[in-house]
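Peer 1: Before I ask anything, here is the structure I am working with.
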Amino acid sequence: MSMAKDIAEGYIIVSEHTFKKFQGSELQSFLAEVDKLAREIRGVMPPADDMDAVQRKNRKLQRLTQAQTIVNAFRLRHRR
């Protein structure tokens, strides 16, 4: 879960190269962690008048969605 949190916070920038050493089961568990964290983040509702908090939440979700997309593309490309 810590890698998913680091990605959400912006400490780790994700690319396909990030996942080259991961095995198939590790990628699957990473995707499960990302999905769980994204649900947790979506569950927190910042006050509507606190635009900074809303933007932080949206940036975290965007980073996690981007990581999911990259992992899925990586899995498709290296499935052969």
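Peer 1: For residue 39, state whether it is over 10 Å from the mean Cα position of the chain (by Cα), surrounded by 12 or more Cβ atoms within 10 Å (Cβ to Cβ) and charged (D, E, K, R).
Peer 2: no
Peer 1: Does residue 4 satisfy the condition of being touching a residue at least 60 places away in the same chain (Cβ under 8 Å) and not in a loop (DSSP other than H, G, I, E, B)?
Peer 2: yes
Peer 1: Turning to a different aspect of this structure: What residue, of 54, 34, 14, is aliphatic (A, V, I, L, M) and not in a helix (DSSP H, G or I)?
Peer 2: 14 is the lone residue from the list that is aliphatic (A, V, I, L, M) and not in a helix (DSSP H, G or I).
Peer 1: Out of the residues in region 55-75 meeting the condition of being modelled with pLDDT under 95 and more than 12 Å from the chain's Cα centre (by Cα), tell me which one is surrounded by the fewest Cβ atoms within 10 Å (Cβ to Cβ).
Peer 2: 73
The values are calculated or read from the model by the stated rules, or taken from the named source; none is laboratory data. Not measured: the values here are computed from a predicted model. Don't worry about glycine lacking a Cβ; one is built from the backbone with ideal geometry, like all the others, and counts go over all protein chains shown.
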